[in-house]
Amino acid sequence: MHQSLKQQAIDILRMNDRGGYTVPTARLYPYQWEWDSVFAALGFATFDRDRAWEEIETLFSGQWDDGMVPHIIFHKTDPDYFPGPEMWKSNTVPPSSGHSQPPVAASAMLTMMQTGTDMDRERAKALFHKLYAWHRWFHTYRDPDNTGVVGIIHPWESGRDNCPDWDIGMGRIVVPDDLGDLPRRDITHVDPSERPTAEQYNRYLAIVKFGHECQWDHLEIARNGPFFMVDPCVQFALMRGDRDLAELATEFGEPGIRDEAEAWLKHSKAGCDSFWSDDVGGHVAKDLRTGGLSTAFTNASAMALYADAGSPDQQKRLTAEIAAILDHCSFGFPSWDPRDAQFESRRYWRGPIWSVVNYMIGIGLSEKGETALAERLRNDTRRAVETSGFFEYFDPLTGEGLGGKLFTWTAAIHLAWAMGDDMLQAG
Ligand code: DGY
């Protein structure tokens, strides 16, 4: 009998479970990735609460002493992935990469607590101070001048690796002569036309080299590293996360942390004007070294409502932009504006749609009363899976599945949101 998509999604989460953590998909990504893992927890939360919390607990077992939660934790060495621990040289236990990824855990933990039992509350409480330390790390090391806007030190920190957003910052990176030929593994697992180019990879590794050469001194990297840009996705995830951290602090009787998180949020809201583009009609990536702004609307721009960022006029304008872009797609929401010449419908973050970002955009739209747009996105997310299966990402013009197959976060978002069960609606 044909298995239901719901059952397939559950099976994918179980299949990608490596004992306490899930891999995003076998072979292409054989380790624990930060934001993949948090979204995996939301998926598990629909059918196995204990396993959902275990996912986040394992993630925090890789937290650095300074509070950072790294973007990859290398629990068991796997030669199928490059760059592995030998390239990062972060000297941490467990071994990990040297930077973070969008801080989505506070929001997931609050959602799980609000839809759960005393057990969920206890597990959230046990992680609360680690969560707070991670947010404090972002504000300290990614906004060293206290501007209200955090930077990212690597396109991988955004999770939106090869988005054209990063081309301005990446263009200034000088590739060291001694980098050699990179033994890339990703293009042996997936069609190279759906992955970043060789030129982009050289620059990614140039940043990693700078990082380990200064022993991952994050203030040094923020001030003098090869790349430092504002990512609307990280900024908006952090703002939503600070809001949710404040709510958790209230629940757990921590007024000092609540006040601090609320102050961060207020300061961040004020900072958002600095990367608003009137030309684009949305918040865009910004090179913090040169002040240069990116040139098109992305799925990260569309997350502004999720963070309640922007003035009422800006929110009106960006909502109109969301609607206009959806008119150009069969499946929303594209990672780059399809009306722009740089749009590539099949290449990773240069056009394709991603379930997890749709989830955050959809929540934001729905909270602002934009019900039709929110439902359009939820339906598109589900239809993409119905059309092609649980792929890593999808072509916005055709719904064709791209990148990795049997993908954890696509399955998780199907369970937690796209099916429309409303089981895990954010609070
Ligand atoms: C990869 O290997 O492509 C990852 O996205 C890096 O985080």
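The values are calculated or read from the model by the stated rules, or taken from the named source; none is laboratory data. All of these numbers come straight from a predicted model, not from anything done at the bench. Reconstructed Cβ throughout: ideal geometry from the backbone, glycine too, with neighbour counts over all protein chains shown. Ligands, DNA and RNA are stripped out before the accessible areas are found, and what is left, the full protein with its side chains, is counted by its heavy atoms. Shrake-Rupley method; radii C 1.70, N 1.55, O 1.52, S 1.80 Å.
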- request: For the chain, count all C-alpha to C-alpha pairs, find those more than 38 Å apart, and express that count as a whole percent of the total.
  value: 12
statement: Per the charge dipole of the range 311-427 (beta-carbon charges, Lys/Arg positive, Asp/Glu negative, Cα centre), the residue among 345, 410, 324 reaching farthest to the positive end is 345
query: How large is Rg over Rh for the range 30-103, taking Rg from the Cα atoms and Rh as the Kirkwood inverse mean of 1/r across Cα pairs?
result: 0.99
- line: Residues whose modelled amide H sits under 5 Å from the amide H of residue 75, counting only those 5 or more places away in sequence or on another chain, are 32
field: Largest to smallest accessible area among 5, 415 [probe 1.4 Å]
entry: 5, 415
message: From the phi angles alone, apply the Karplus equation (6.51, -1.76, 1.60; θ = phi - 60°) to the range 416-421 and give each ³J(HN,Hα) in whole Hz, x where the residue is Gly or Pro.
response: 7, 8, 5, 5, x, 6
- line: Rounded to whole angstrom, the alpha-carbon centroid of the range 150-187 lies from that of the range 25-39 at a distance of 19
task: Would you mind giving the average projected area, over all directions, of the Cα convex hull of the range 315-385 in nm² with one decimal?
output: 4.5
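Counting only protein heavy atoms and using a 1.4 Å probe, what share of the accessible area of the range 286-389 belongs to carbon plus sulfur, as a whole percent?
Details: 1670 of 3590 Å².
In the range 286-389, the share of accessible area belonging to carbon and sulfur is 46 percent.
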query: How much length is gained if the chain between residue 121 and residue 259 is pulled fully straight, taking 0.36 nm per residue apart and subtracting their Cα-Cα distance, in nm to one decimal?
result: 47.6 nm
message: Can you give me the Kirkwood hydrodynamic radius for the range 82-199, using every pair of distinct Cα atoms, in Å to one decimal?
response: 17.7
query: If you place +1 on the Cβ of every Lys and Arg and -1 on the Cβ of every Asp and Glu, how big does the dipole about the Cα centre of the range 71-177 come out, in debye to the nearest 20?
result: 420
field: Dipole magnitude of the range 131-265, debye to nearest 20 (Cβ charges: Lys/Arg +1, Asp/Glu -1, about Cα centre)
entry: 180
- prompt: About its Cα centre, what dipole magnitude does the chain give when the only charges are +1 on Lys and Arg Cβ and -1 on Asp and Glu Cβ, stated in debye to the nearest 20?
  reply: 340
query: Per residue and in cubic angstrom, what volume does the convex hull of the Cα atoms of the range 60-136 have?
result: 107
message: 7 Å from Cα along Cα→Cβ at both residue 182 and residue 340: what's the point-to-point distance in nm?
response: 2.2
- line: Sequence order, the range 203-209: Karplus ³J(HN,Hα) from phi using 6.51 cos²θ - 1.76 cosθ + 1.60, θ = phi - 60°, Hz rounded, Gly and Pro as x, gives 6, 4, 6, 4, 5, 4, 4
query: Spin-label point model (7 Å from Cα, Cβ direction): what's the residue 251 to residue 214 distance in nm?
result: 3.7
statement: A correct Karplus calculation of ³J(HN,Hα) over the range 65-81, with 6.51 cos²θ - 1.76 cosθ + 1.60, θ = phi - 60°, whole Hz and x for Gly and Pro, returns 4, 7, x, 5, 9, x, 6, 10, 10, 8, 5, 10, 4, 9, x, 6, 10
- request: Give, in nm to one decimal, the length gained when the segment between residue 77 and residue 224 is fully stretched (0.36 nm per residue of separation minus the Cα-Cα distance).
  value: 49.8 nm
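How high is the relative contact order of the chain, given as a whole-number percent (alpha carbon pairs under 8 Å, six or more residues apart)? Let's see the in-between values first.
On the way: 814 pairs, mean separation 78.0, N = 427.
Computed over the chain, the figure is 18 percent.
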query: Given the pairs 266/316; 209/316; 130/266; 266/286; 125/405; 209/269, which span a C-alpha to C-alpha distance of over 31 angstrom in this model?
result: 209/316; 125/405; 209/269
field: Rotationally averaged projected area of the range 143-280 (alpha carbon convex hull; nm²)
entry: 11.1
